[in-house]
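Engineer: I have a structure I would like to understand better, so I am pasting it below and will then ask my questions one at a time.
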Ligand SMILES: Cc1ncc(C[n+]2csc(CCOP(=O)(O)OP(=O)(O)O)c2C)c(N)n1
Ligand SMILES: [Mg+2]
């Protein structure tokens, strides 16, 4: 099959780190805040690398969809949200669970089916959920959680809480019916929901450009629903934070939903041992040079933060994840008697009878 030309981002050139589009002006975080965001991203990167290594040694069963490369989307967005806002993610959702307060130990234990896992080993890699922090799940059916986010936003509206709901999804979801249904209903009811597409240029093994009629698969669909559709450099934590803060304010103020397309790239294949050989070497190289951690390092240098200070943050992240790997490895398997707990809202299994 002939590959269609790759879509070019509107007004965004990832090869030029100093372009105004990749370094937007405005009220960015101060050095301390940015260093904290950097460290969060470093923890996610190392957790994903650990998940990969544990999978390769047979300690993670099933499959994993790693978000290494997508860190700035989760961390930037989370930094702009209230603690009680609702977050919905996909099977590529480790970064969102971590950004919303799950610990590396909880996540890795869940992947290794340990009793101490985030969901007591009932979820696994594709279903990380931290309900206590309103991270209401990771969903394996492409597009399925967008209408759920609309429901959460509707609930917030009815309760008058000024919470918003954020649905993170991949570029592939933009060709799914549920995406269009969710956008339409959210727009008609002016609900406080933010749709964030993590456009990493590929679905499983197919380039989104090969099967999509418009160049920007999410943002270009927004006008059809009369809502704002923006593109942001998804590898720039500051740019993501700024865009999400602005669109979240809009939603909280009753002005309705928005669609944000965050351009990013996955460092691993789609899942498990996919070597992603279908991606052109030049494309991979270009995106790896635009690594979210390096972009943040560049911004920290601009703010006068010495490289050793950033290295120290990396070392702290490495120590946290190393300790998490050990703790998860040493954690017990779940008790079979727990198999039917926490499968229903009241924690019981009465619904079965
Ligand atoms: C409704 C549905 N169709 C097909 C699949 C199989 N599938 C799993 S992941 C995936 C690719 C989705 O790509 P994208 O939305 O771009 O997300 P990414 O994996 O790039 O994060 C597909 C087709 C599925 N899980 N659900
Ligand atoms: Mg994709």
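Quick note: the coordinates plus some simple rules give every number you see, no bench work behind them. Treat the numbers as computed from the prediction; the structure is a model and nothing was measured. Reconstructed Cβ throughout: ideal geometry from the backbone, glycine too, with neighbour counts over all protein chains shown.
Engineer: Among 202, 278, 139, which one shows the biggest mean-square fluctuation in a GNM of the chain, springs joining Cα atoms closer than 10 Å?
Structural biologist: Checking each option, the largest mean-square fluctuation is seen for 278.
Engineer: What spacing in nm lies between the two simple spin-label points modelled at residue 255 and residue 319, each 7 Å away from Cα in the Cβ direction?
Structural biologist: Going by the 7 Å Cα→Cβ label model, 4.4 nm.
Engineer: Still on this structure, I have one more. When only Cα pairs under 8 Å and 6 or more residues apart are kept, what is the percent relative contact order across the chain?
Structural biologist: Numbers: 678 pairs, mean separation 82.8, N = 353.
The value is 23 percent.
Engineer: I would also like to ask the following. By how many nm would the segment from residue 27 to residue 224 lengthen if fully extended, with 0.36 nm per residue of separation less the alpha-carbon distance? Please list the in-between numbers first.
Structural biologist: Values: separation 197, 0.36 × 197 = 70.92 nm, distance 3.12 nm.
Full extension from residue 27 to residue 224 adds 67.8 nm.
Engineer: Would you mind classifying segment 268-316 by shape? Square roots of the alpha carbon gyration tensor eigenvalues, ordered a ≥ b ≥ c; an a/c under 1.5 is rounded, otherwise it is prolate if a/b is larger than b/c and oblate if not. Walk me through the numbers before you get to the answer.
Structural biologist: Values: a/c = 4.73, a/b = 2.09, b/c = 2.26.
The shape class here is oblate.
Engineer: May I pose another question? Counting DSSP beta bridges with both partners in segment 113-225, what percentage is antiparallel, nearest 5? Could you put the intermediate results ahead of the total?
Structural biologist: On the way: 2 of 8 bridges.
Around 25 percent of the beta bridges assigned by DSSP in segment 113-225 are antiparallel ones.
Engineer: Now a separate question. For the chain, what is one quarter of the convex hull surface built on the Cα atoms, given in nm²?
Structural biologist: Details: hull surface 73.9 nm².
So the mean shadow area of the Cα hull is 18.5 nm².
Engineer: At a Förster distance of 35 Å, what's the computed FRET efficiency of residue 158 paired with residue 311, Cβ-Cβ distance as r, to 0.05? Intermediate values should be presented prior to the final figure.
Structural biologist: Working: r = 49 Å, r/R0 = 1.40.
Between residue 158 and residue 311 the formula returns 0.10.
Engineer: Can you grab the distance from the C-alpha centre of segment 87-143 to the C-alpha centre of segment 54-82, Å, no decimals?
Structural biologist: That distance is 9 Å.
Engineer: Let me ask you something else. Give me the number: length gained by fully extending residue 329 to residue 211, i.e. 0.36 nm times residue separation minus the C-alpha to C-alpha distance, one decimal in nm.
Structural biologist: Details: separation 118, 0.36 × 118 = 42.48 nm, distance 4.20 nm.
Taking 0.36 nm per residue and subtracting the Cα distance, the gain is 38.3 nm.
Engineer: Counting only DSSP beta bridges with both residues in the chain, what percent are antiparallel, rounded to the nearest 5? Before the final figure, lay out each step's value.
Structural biologist: Numbers: 2 of 25 bridges.
Given both bridge residues lie in the chain, the antiparallel proportion sits at roughly 10 percent.
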